């Protein structure tokens, strides 16, 4: 139990620790999340040269983008990690991207893209759950 308390305290201290520029790790993750969110948003509304088909690389890109958004969001705001709110917010964001694409003349919204987004989010949360269970079961 003492090891667990030390681990939690050490992790919290690392997150609060300042680097040489006066930025905490949490602030850096928040900045990274906002940059990633802006990048995904910009890529979502840029015109494409080809008509979207069922391309596995496209779906993998969707899944990886939302996996990374979930990771950055959890690192940026660690207190919300136990809540479903980040998952629901990112699902809504993915839906809004596809809805906005369906309104653009040069893009198409896709249910398969929304599904790929959800797969990326689900993959992150399942992996996080599995790692959390493994950490709790390993004696320290």
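Please treat every number below as a calculation from the coordinates, not as lab data. This structure is a prediction, so every number in the text was calculated from the model and none was measured. Note that we place each Cβ from the backbone using ideal geometry, even for glycine, and neighbour counts take in every protein chain shown.
What to note about this one:
- Put in line by how crowded their Cβ is, counting other Cβ atoms within 10 Å and starting with the fewest, 57, 77 read 57, 77.
- At R0 = 22 Å, FRET efficiency that the Cβ-Cβ distance of residue 88 and residue 58 yields, to 0.05: 0.35
- Cβ-based exposure ranking for 107, 128, in which fewest neighbours within 10 Å come first: 128, 107
- Ascending count of other beta-carbon atoms within 10 Å, so fewest first, for 83, 41: 83, 41
- By the compact-protein rule of thumb, 2.2 N^0.38 Å, the alpha-carbon radius of gyration of region 89-140 corresponds to a ratio of 1.67.
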